[in-house]
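Presented below is the structure to which this report refers.
The values are calculated or read from the model by the stated rules, or taken from the named source; none is laboratory data. Not measured: the values here are computed from a predicted model. Don't worry about glycine lacking a Cβ; one is built from the backbone with ideal geometry, like all the others, and counts go over all protein chains shown. For the accessible areas, the whole protein counts, side chains as well, though only heavy atoms, and no ligand, DNA or RNA atoms are used. Shrake-Rupley method; radii C 1.70, N 1.55, O 1.52, S 1.80 Å.
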Amino acid sequence: MMDQRWRPTVNEREFIEQALQSDLRVDGRRPFDFRKLTISFGREDGSAEVLLGETCVMGYVTAQLVPPYKDRPNEGTLAIFTEFSPMADPAFEPGRPGEAAIELGRVIDRGLRESRAVDMESLCVVAGKHVWAVRVDLHILDNGGNLIDAANITALAALSTFRRPECTVGGDDGQQVTVHDPEVMDPLPLTIHHLPIAVTFAYFGDGNIMVIDPTYKEEAVMGGRMTATVNSNGDVCAIQKAGGEGVMSSVIMQCLRIASVKAADITSKIKTKVDKYTTDKALQKVKRTPAIVAKEVNVPDVAMKESMHSAMENQTSKAPNDDQQISEGIHTPKEFH
């Protein structure tokens, strides 16, 4: 595992542990309280940034057409990639991903893949030849503790707003794929059945004291950690126990009950933010006629009115000649006799 950026002294360790025994935490939270969660989206679809306390993670989703796996010709693929920048934590080193980066990607990937949250069959274009490969890139911008939960929420928020290009199949053999520009045909969202939420528990002492959403200071003191991935329906999608001290089965069941409640709360927050983003995006697509165009449209009307006015003046000027012709064509009764 990577070296901690903050090494507590003996007094600091005792202070944190004694405070936890009194159901108090260094930042003033209760044992089962999350830090403040902020979700924001970028200009393009599929980009999201999550701020969980001091932990900041940015995610971006892309997709491309690739040949499918031979054992699954009718399913697309989903891959999670993480990047730990030294800007986020001095303990992170540039270059190849370390153990922490690999573990983070696997935990999030297992929660999404094993629970089949994303419909992989909907990503198939031509069976056995062309499928969509969805890639989620997660960038750790600031490590304030509990990277797993923050990165998991970022991935879900980015996937919920991602739109893949629309494509059609044609040609002589009926297997030529044409990818349409977003301006020609509206992109399609991913089919997401549910949102698997990761909730991380940190254990202290003999495993009898536990808290959720640990900070980087609590992570330096904790004796063990467990991540439970649960959806809003209470279904357990995955469980990750990354070493440390053992935990009683009764404690694990208690953690799962707490995780199901927290998952429902976080799911509602994600859906609320996604709905607002979708609504704002739809309003931006509404075409409104600008003022400049309105003036250009009114120019022909003015010209038409001027031409009609000039035509009326010409008719008025010609009116006496017409009267003269009419008077010349009318004969008096005497002339008829």
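Normalised by the residues of region 1-160, what does the relative contact order come to in percent, with Cα pairs under 8 Å and at least six apart?
In percent, rounded to a whole number, it is 33.
If I compute solvent accessible area with a 1.4 Å probe over the protein chains, what percent of it on region 67-211 is carbon and sulfur?
Reported share for carbon and sulfur atoms: 48 percent.
For a quick check of your reading of the filter: which trypsin sites (Lys or Arg not before Pro) in region 33-92 sit in a DSSP loop and have no more than 12 other Cβ atoms within 10 Å?
36, 43, 70
What net charge is computed for the residues neighbouring residue 16, neighbours being all others with C-beta under 14 Å from the C-beta of residue 16, Lys and Arg scored +1, Asp and Glu -1? Let's see the in-between values first.
Working: positive: 7, 13, 25, 29, 217; negative: 12, 14, 17, 23, 27, 218, 219.
So the environment of residue 16 carries a net charge of -2.
Set the bar at 23 Å for Cα to Cα. Now go through 36/273; 36/271; 241/271; 36/217; 36/269 and name every pair that lies beyond it.
Beyond 23 Å between Cα atoms: 241/271.
Please report the net charge: other residues with Cβ closer than 15 Å to the Cβ of residue 224, K and R +1, D and E -1.
With Lys, Arg at +1 and Asp, Glu at -1, the net is -4.
Can you give me the accessible area per residue for region 96-252, using a 1.4 Å probe, in Å²?
41
Nearest 5 percent is fine: what portion of the DSSP beta bridges confined to region 1-145 is antiparallel?
About 75 percent, rounded to the nearest 5.
Over region 169-248, what is the relative contact order in percent, taking alpha-carbon pairs closer than 8 angstrom and at least six residues apart?
24
Mind ordering 50-61, 181-192, 140-151 by average Cβ neighbours within 10 Å, highest first?
In decreasing order of mean packing, 50-61, 181-192, 140-151 become 140-151, 50-61, 181-192.
What is the gain in length, in nm to one decimal, between residue 283 and residue 79 on full extension, counting 0.36 nm per residue of separation less the C-alpha to C-alpha distance? Walk me through the intermediate numbers first.
On the way: separation 204, 0.36 × 204 = 73.44 nm, distance 3.19 nm.
Fully extending the segment from residue 283 to residue 79 adds 70.3 nm.
Using a 7 Å offset from the Cα along the Cα-to-Cβ direction at both residue 193 and residue 119, what is the distance between the two label points in nm, to one decimal?
The modelled label-to-label distance comes out at 1.0 nm.
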